[in-house]
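The values are calculated or read from the model by the stated rules, or taken from the named source; none is laboratory data. These numbers come from a predicted model, not from an experiment. Please note: Cβ atoms are built from the backbone with ideal geometry, for glycine as well, and neighbour counts cover all protein chains shown. Heavy atoms of the whole protein, side chains included, go into the accessibility calculation; ligands, DNA and RNA do not. Shrake-Rupley method; radii C 1.70, N 1.55, O 1.52, S 1.80 Å.
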Amino acid sequence: MSRRSRQVDPAYLPAVKSALQQNGYRTQQALAKALQCSRDTVGKFFRGDRIDFSYFVDICEKLGMEWQNIVFRERNIRHNLPAPTYNAFVGREKEKTDLLKYLSPDHAAPIITIDGIGGVGKTTLAIEVAYQCLEASQRNLPNTPTFDAIIFTSAKLQKLFPTGILPTSQKQRNLSDIFREIASTLKDDTIITEATPEEVLHSVHKSLDKQRTLLLVDNLETVDDKENVLSFLVDLPRTVKSIITTREQKSIYVNIRLTSLPEAESLQLIQQELEVKKDDTICLTEDKQRQLYKATDGIPIVIVYAIGRLANSRSFETVLHDLQSAEGDVAHFIFSQHAISLRGQATHKILMALAIFRDPPVRDALKAVAGLQTKSIFTFQNALEHLQQISLVIQSRDDRYSQSKDSRYNILPITRSYIQAEIDADPDFENGARQRWVEWYLNFAKKAGGVDWGPTESGYFQLREEWGNLIDVIEWCAGQNDYRNVTNFWQHLHERAYGYGYWRERIRWIEWLIEQAELRDDWVTFLEMATSASWSYIRRYSPENSRKARDLLTRAWELRNYGDLKVQDFIAHNIAQLHIVQEEYNEARTWLDTQEQIIRDADMKNRYRIRRLITVSYSRAEIFFLEQQYDQANQLFQEVKSQAIEIEWHRYSNYAQNWLADIAIIKGKLDEAEKLLNRGLPVAEKNNLKRRIVCYQISYARLEKAKGNLEKARQWAEQALDGFNQLGMAREAEGVQSLLTRLR
């Protein structure tokens, strides 16, 4: 607002409203016409809003009032707030609202703590709200807390600028410094002339008791006598509200925890800083702005630093490198103070262990990898909580873990390079931690993986939540040429990986294991891997994949005697499947006969033998369906479903139910088909059988088409198309695309 603007003192508003008609103006519009100004300007005058000084004087003359007598005069509020370092405050609307609510005299809490990692905007938020309170206090504005004095003290040792880290020129490092700042701001010399500490404290209390005061204590973690300062703040008169900012998580009464800015607000801050610089040489596309957001983790001070570096003629690539450097200014400003002090302690081991995980780990995994298994749970938990308190570790809020009862812990990506440098300096710790990491996930794979039988909901959620870490462990083992452990992981996870749709990772492991098995003349493992690889290639059918599957299966059959009959069972089954997808049904039946004979000759437990025979019947039923012999297909799929339910093999009973629904649609039994689909899809979704989910979706599309509901049919088909494309099932995707063309 212009310095030449003025407003009516709220106490005089009734008088000016009465003066309107007393001076012959029936309405505000009439007065505006007489003054040749807008109706809005006159309306603001009578509401007590600020208007241009010249109009303010003219209106007063028309109303017969001396403007000096009715003008609002701002209160003189004593304060020492530093000038804002930002052009416009971005984001944090909820936090601002909460802070203003806590500062209200109606809220009981005398101390509000703002905590978070360095550079996240704690001081900026406190100063922004303090300035809002200052304006409200000066102008008697409603709905905002008002104070008679606002005092800012800071123990901040250094600040981060684009040119580097610079020490602060003024700081209050102890309680005596804070007393002097209070005395200076309130212009009360009696505070610093008292002889003893007790007398000084009494004088401070006496002075603060005279007015409502907002006291800000910035960077509490670097205050020399924190406990004395906290004791002082807790015992202050009720006329005082205090805001503490700190990197250490401290909830004395109420606290506001700041984390990184969300993407939208980070991008807004980036754009604002670019506008402030007004530097034509800085050209950041939307893509580069998003890269910068990810590199800065949405930490405001790092965003401002990065744009400043660009303005100092640094290239975009150089700035990104600087942000990720363990030796850079950002790392030292945010982390070095704490990280150095933690070395040799359990906290340091936890911090280094966290950097090994790709995704946030559960507490048990973190404790094991940190090498703290022999420590009590209380020792470990205290160390973990300390890292949270100093904002180096955060509890994950990722939606992927919504089904988990276990807490997960994470570090900001921007910290990884710094912590990795700590790991590099301690190779003994890293070697031990990596071994414990592999061991923990191998034990996890044994429990959560294996052969699927019953409902797999809990197993799915466990694997989904740990999948990123599992992939990382397996690929690290492969990078270390650890053939034994990659093979062990494969044995426990390959069936789940297939069922849950992790096909790309599955193929990557298989191809590595095939190559390594050949190098080691490990033909038993080669047979297992070649068979598994051929299955994935068959499911992701294409001429190239068909060739790969044929070559692998031909070689596997030639080498079949290196494996037992269980392995030969799978080879024969996959050869039959390859002939089915190539529409060579007689050849497929021949191989199914071979498979069935192998199963009957093999040494298997009865339940597992029935399971394998079910796969033979399932494939025969599939051939009947493809040959349009629907009655025979229906009969066999009914048998498959019943047998699968009997041995609690729920995945195959769900598969068979889907085929039965398709047959019912073809036969025009739409109600029966709908019931089958309505029962089957939720089971597939609950257990995350990704391929089967998509198959159910295309069945729903066919059902709705048969019922004449073309729009619903299109919606189901579009979902199925997305699913097949994601799974890499090009042949099925082409079929769905053909259906969509007909539906249009």
message: Below 15 angstrom from the Cβ of SER325, what's the summed charge of the other residues (Lys, Arg +1; Asp, Glu -1)?
response: -4
- prompt: What do the square roots of 5 times the Cα gyration tensor eigenvalues come to for segment 263-376, in whole Å, largest first, as semi-axes of the equivalent ellipsoid?
  reply: 36, 15, 11
- prompt: What's the angle, to the nearest 10 degrees (0 to 90), between helix 543-558's Cα axis and the longest principal axis of the chain?
  reply: 50 degrees
- request: Pull out the extension gain between ILE377 and ASP428, defined as 0.36 nm times the separation in residues minus the alpha carbon to alpha carbon distance; nm, one decimal.
  value: 16.0 nm
Reported label for calculated Cα extents along the principal axes in Å given (1) 109, 71, 51; (2) 89, 70, 43; (3) 91, 58, 47: (1)
message: Rounded, prolate or oblate, given the Cα gyration tensor of segment 571-626, with a/c below 1.5 counting as rounded?
response: prolate
field: Residue-count net charge about LEU613 - beta-carbon cut-off 9 Å; Lys, Arg +1, Asp, Glu -1
entry: +3
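Take the solvent-accessible surface of the protein heavy atoms, probe 1.4 Å, and return the percent of it on the chain that carbon and sulfur atoms account for.
Percent of accessible area from carbon and sulfur atoms in the chain: 46.
What ranking do 314-321, 201-208 get when scored by the average of other Cβ atoms within 10 Å per residue, highest first? Provide the component values of the computation, followed by the final result.
Values: 314-321: 14.8, 201-208: 17.9.
My ranking of the peptides, most packed first, is 201-208, 314-321.
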- line: Here D for segment 1-132, in µm²/s, from Stokes-Einstein with a Kirkwood Rh over Cα pairs at 25 °C and 0.890 mPa s, works out to 136 µm²/s
task: Would you mind calculating the gained length between ILE666 and ALA30 on full extension (0.36 nm times residue separation, minus the Cα-Cα distance), in nm to one decimal?
output: 220.9 nm
- prompt: Using the heavy atoms of the protein chains alone and a 1.4 angstrom probe, what is the accessible area of segment 214-315 per residue in square angstrom?
  reply: 45 Å²
- request: Could you sort 213-225, 561-573, 510-522 so that the peptide with the highest average Cβ count within 10 Å comes first and the rest follow in order?
  value: 213-225, 561-573, 510-522
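Classify segment 107-196: rounded, prolate or oblate, from the alpha-carbon gyration tensor (a ≥ b ≥ c, eigenvalue square roots; a/c under 1.5 rounded; otherwise prolate if a/b is larger than b/c)?
oblate
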- request: Give the residue from LEU727, PRO145, ALA383 lying farthest towards the positive end of the charge dipole for the chain; charges sit on Cβ (+1 for Lys and Arg, -1 for Asp and Glu) and the dipole is referred to the Cα centre.
  value: PRO145
query: Taking only the alpha-carbon atoms of segment 75-121, what semi-axes of the equivalent ellipsoid follow from 5 times the gyration tensor eigenvalues under a square root, in whole Å, largest first?
result: 20, 18, 12
- prompt: Considering only the other residues whose Cβ falls under 11 Å of the Cβ of SER176, what net charge follows from Lys and Arg at +1 and Asp and Glu at -1?
  reply: -2
- request: State the answer as a single residue: which of ALA530, GLN632, CYS133 lies farthest towards the positive end of the charge dipole of the chain, with beta carbon charges of +1 for Lys and Arg and -1 for Asp and Glu, about the Cα centre.
  value: CYS133
query: What angle, in degrees between 0 and 90 and rounded to the nearest 10, separates the Cα long axis of helix 503-519 from the longest principal axis of the Cα atoms of the chain?
result: 60 degrees
- request: Can you tell me the dipole magnitude for the chain around its Cα centre, using point charges on the Cβ only (Lys, Arg +1; Asp, Glu -1), in Debye to the nearest 20?
  value: 1960 debye
message: Which one, TRP557, HIS321, THR741, projects farthest toward the positive side of the charge dipole computed for the chain from Cβ point charges (K/R +1, D/E -1)?
response: THR741
Probe 1.4 Å - accessible area at SER54, Å² to nearest ten: 50 Å²
- line: Checked against a 30 Å limit on the C-alpha separation, the offending pairs among LYS641/LYS686; LYS250/LYS375; LYS566/LYS675; LYS44/LYS278; LYS294/LYS548 are LYS566/LYS675; LYS44/LYS278; LYS294/LYS548
task: Subtract the Cα-Cα distance of ALA83 and GLN22 from 0.36 nm times their separation in residues, and report this length gain in nm to one decimal.
output: 17.3 nm
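Taking square-rooted eigenvalues a ≥ b ≥ c of the alpha carbon gyration tensor, is segment 666-744 rounded, prolate or oblate, where a/c under 1.5 means rounded and, failing that, a/b exceeding b/c means prolate?
oblate
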